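Novice: The following block contains the structure, expressed as structure tokens.
The values are calculated or read from the model by the stated rules, or taken from the named source; none is laboratory data. Predicted, not measured: the structure shown is a model, and the values here were computed from it. All Cβ positions, even for glycine, are placed from backbone atoms using ideal geometry, and neighbour counts span all protein chains on display.
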Amino acid sequence: MRHHLYNSGFVFVEKPIEFTKNTPKEVLQYCLGATLYMPAIKDFAKVIINKEMLGLTSMVMCFEDAIKEEDIPLAEKNAILTLEKLLSAIDEGIITENDVPLIFFRVRTPEQFASFSKHIQKEHLRIFAGFVFPKFNSSNGVGYFEQLKAIGNRHGELIYGMPILEGRELAFKESRYDELKGVKDIIDTNKDSILNVRVGATDFSSCFGVRRGIDYTIYDMITVREILMDVLNTFGRDNDYVVSGPVWEYFLANKNMKFTEIPQHNIQTSLLKREEIINEAVDGLLREVILDKANGFIGKTIIHPSHLKYVNALQAVIREEYEDAKQILNVSGGVVKSANCNKMNEIKPHRSWAKKIYMKAQAYGVIEDESCYSLLFR
């Protein structure tokens, strides 16, 4: 698996690396990028086997909000069948394990998780990476991770968990700080098993009866912005965790993502000036991803395939950032002039930023400058 495979002709300054579920966690946690959520009742195996979606590198089959409760047995059966179809295709030489995106299952509750996990066999662990825990909080968090460890111990494998912070306890100010502390204690205890910390801004918005419009970003919703700020303050310190950005709900693009006429832009300038690039839904997504990046989120939950390449393209690192990061990481201290002679690189204060940029460069590649983002969309 590698990012940007849909654009095989693009010339990188530094190519992104290949990765699988067995890539070391310190790198893999940066590689998820645009993570596509879909109902677990959908047959998605053929899409992977036929390589219909080359931009897909991580996906979540959802047993929670995406399906009706009465469909859970059908969804569980389909999830296992999907793994078995993929394994058969690998064994028959139709695809390789490297062609399979990182697959996660979003369970519904700790109880449903325990029930579903009985169907997981060691062979399945060749091609799925872990589980996503919705509405994760200080009350249910221990149960989720106890079950995760039980599966790993039973099969002798490391399986990742990704908590989603989206509950009312975090939404409301009077309970938020105690809840964040309780959640962080659980997450810190299980740090080796956690690939990303995720956030559910749609659930947070519902607590206040608001929903961002297509012309707004989540950062314009002041109640939700405050929650996200506190989550980043808690989990974004010193690169302790990779925190993934919240879902963008709008799409006006076809699933084939065939945009042939994309002008070459300085993306950030054009979006901030609200100059049209693709259409209002995609432009809104791009505007929010830029703000995600500025605030420390890496990657994003998505619910439509057309969003894949836009989110992942904007994760690529420009050459100037990459050279600054390498310079900072290779100097022990003090202040040095950047390679472009346009800024100071203060070694100790900028080292955390440099580590993050270097890891993102491995995952998403290095491009010449911001004008190349448009080319990477093609």
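Novice: Go through (1) surrounded by fewer than 20 Cβ atoms within 10 Å (Cβ to Cβ); (2) hydrophobic (A, V, I, L, M, F, W, C); (3) closer than 20 Å to PHE113 by Cβ; (4) in contact with a Phe, Trp or Tyr (Cβ under 8 Å, 6 or more places away or on another chain) one by one and return the number of the condition ALA40 breaks.
Specialist: (1)
Novice: When both residues are 6+ apart or on different chains and their Cβ atoms are under 6 Å apart, which pairs have a first residue that lies in segment 175-186 and is without any contact (Cβ under 8 Å) to a residue 40 or more places away in the chain, and a second that is in a helix (DSSP H, G or I)?
Specialist: SER175/GLU169
Novice: ARG212 versus (1) assigned to a helix (DSSP H, G or I); (2) buried (at least 20 other Cβ atoms within 10 Å of the Cβ); (3) among the charged types (D, E, K, R): which is the lone unmet condition?
Specialist: Here ARG212 clears every test but (1).
Novice: Test ASN345 against the criterion of being in contact with an Asp or Glu (Cβ under 6 Å, 6 or more places away or on another chain), among the polar types (S, T, N, Q), outside any loop (DSSP other than H, G, I, E, B) and free of Cβ contacts under 8 Å to residues at least 40 places away in the same chain, and give yes or no.
Specialist: Judged against the criteria, ASN345 is a match.
Novice: Sticking with this one: Do you know which of the residues in segment 12-34 that are β-branched (Val, Ile, Thr) and touching a helix residue (DSSP H, G or I) at 6+ places or on another chain (Cβ under 9 Å) is modelled with the lowest pLDDT?
Specialist: If we take residues in segment 12-34 being β-branched (Val, Ile, Thr) and touching a helix residue (DSSP H, G or I) at 6+ places or on another chain (Cβ under 9 Å), then THR20 is modelled with the lowest pLDDT.
Novice: Same structure again: Could we say that ALA66 is of a type in the set (Gly, Ala, Ser), free of Cβ contacts under 8 Å to residues at least 60 places away in the same chain and crowded, with 18+ Cβ neighbours inside 10 Å here?
Specialist: Against the criterion (of a type in the set (Gly, Ala, Ser), free of Cβ contacts under 8 Å to residues at least 60 places away in the same chain and crowded, with 18+ Cβ neighbours inside 10 Å), ALA66 qualifies.
Novice: In addition: Looking only at segment 49-56, decide whether some residue is closer than 19 Å to SER117 by Cα, buried (at least 23 other Cβ atoms within 10 Å of the Cβ) and either touching a strand residue (DSSP E or B) at 6+ places or on another chain (Cβ under 7 Å) or of a type in the set (Gly, Ala, Ser) (or both).
Specialist: No: segment 49-56 contains no residue that is closer than 19 Å to SER117 by Cα, buried (at least 23 other Cβ atoms within 10 Å of the Cβ) and either touching a strand residue (DSSP E or B) at 6+ places or on another chain (Cβ under 7 Å) or of a type in the set (Gly, Ala, Ser) (or both).
Novice: What about LYS191, is it surrounded by fewer than 19 Cβ atoms within 10 Å (Cβ to Cβ) and closer than 17 Å to PHE116 by Cα?
Specialist: no
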